[in-house]
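The structure under discussion appears below in the form of structure tokens.
No value in this document is a laboratory result; all are computed from the given coordinates. Quantities reported herein were computed from a predicted structural model and do not represent experimental measurements. Backbone-built Cβ (ideal geometry, glycine too); neighbour counts: all protein chains shown.
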Amino acid sequence: MISAISGKLLEKDAASVVVDVHGVGYEVTIPLSTFYLLGETGSDVSLRIYTYVREDTLQLFGFSSKAERGLFLKLIAVSGIGPKLAVSMLSGMSPEEIVSAIRSDDVAKLTSIPGVGKKTAERMVVELRDKMGDFAAEPAAKAATATGEDVESDAFEDALSALVNLGYRPKAAERELRKAVREGTEMTVQKLLKRSLQLLAGS
């Protein structure tokens, strides 16, 4: 069972990375909370891993910290939440926001994430509220900054594509992205995604 991977970052996008470990490329599905903290391609990367195995599937899910992986494991223990939805949740909100919503019984906040219905959110609160006391987020590394190779229009389009893939309606995603740009948000995919997700969640 693979529990951690360290190597060179070969490829990255908002949903997955390829990590070169001694000449072998591992494709790893990641949430946006991890994507925000990635360096540029070619840089060193270390991820905590959850290995998802079924009869016809072997998929790796990667996280920036042990705490983030721990929250993911708590989420998938809830009835009706699989790895894909758990990753979407960690993409739609920061781990701290998810924990806060669960602790405060904020079902409306949780249902702002695409794919999370009221019943699922209520189950999360009931099943996890008393299990959040030991959650402590590890200090986050600084997100990668833009380089001269970043192109503003490409960053916008990549951020829009990521939001649509997460389940947000294209028009709503584009509207909040443009609002983020007007606010002066730095034109990198990481910063645009983070701010537009805050706007989509009403925060």
Legend entry - Sorted by Cβ neighbour density within 10 Å, fewest at the top, the residues Glu174, Glu40: Glu40, Glu174
Legend entry - Charge sum, other residues only, whose C-beta stays under 14 Å from Ile2's C-beta, Lys/Arg counted +1 and Asp/Glu -1: +1
Inset, instruction - Let me know the Kirkwood hydrodynamic radius for the chain, please, with Cα pairs as the basis and the value in Å to one decimal. - result: 17.5 Å
Legend entry - Gain upon complete extension [Lys171, Asp20; 0.36 nm per residue less C-alpha separation]: 50.7 nm
Legend entry - Cα-based Rg of segment 4-63 normalised by 2.2 N^0.38 Å, two decimals: 1.05
Legend entry - Cross-link partners of Lys171 among lysines (Cα-Cα below 19 Å; sequence separation of 8 or more within a chain): Lys179, Lys194
Legend entry - Segment Thr57-Ala108, length gained on full extension (0.36 nm per residue, minus Cα span): 15.0 nm
Inset, instruction - Given the peptides 9-15, 81-87, arrange them by the average over their residues of other C-beta atoms within 10 Å, most packed first. - result: 81-87, 9-15
Legend entry - Ranked Ser43, Ser16, Ser100, criterion: other C-beta atoms within 10 Å, fewest first: Ser43, Ser100, Ser16
Legend entry - Listed residue (Leu47, Leu71, Leu10) projecting farthest to the positive dipole end of segment 1-71, Cβ model: Leu71
Legend entry - Positive dipole terminus of segment 152-200, leading residue within Leu200, Ala180, Gln190 (C-beta point charges): Leu200
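Is there a quick way to get the dipole size of the chain? I mean about its Cα centre, with the Cβ of Lys and Arg at +1 and of Asp and Glu at -1; what is the value in debye to the nearest 20? Provide the component values of the computation, followed by the final result.
Working: 25 positive and 28 negative charges, 160 e Å.
So the magnitude is around 760 debye.
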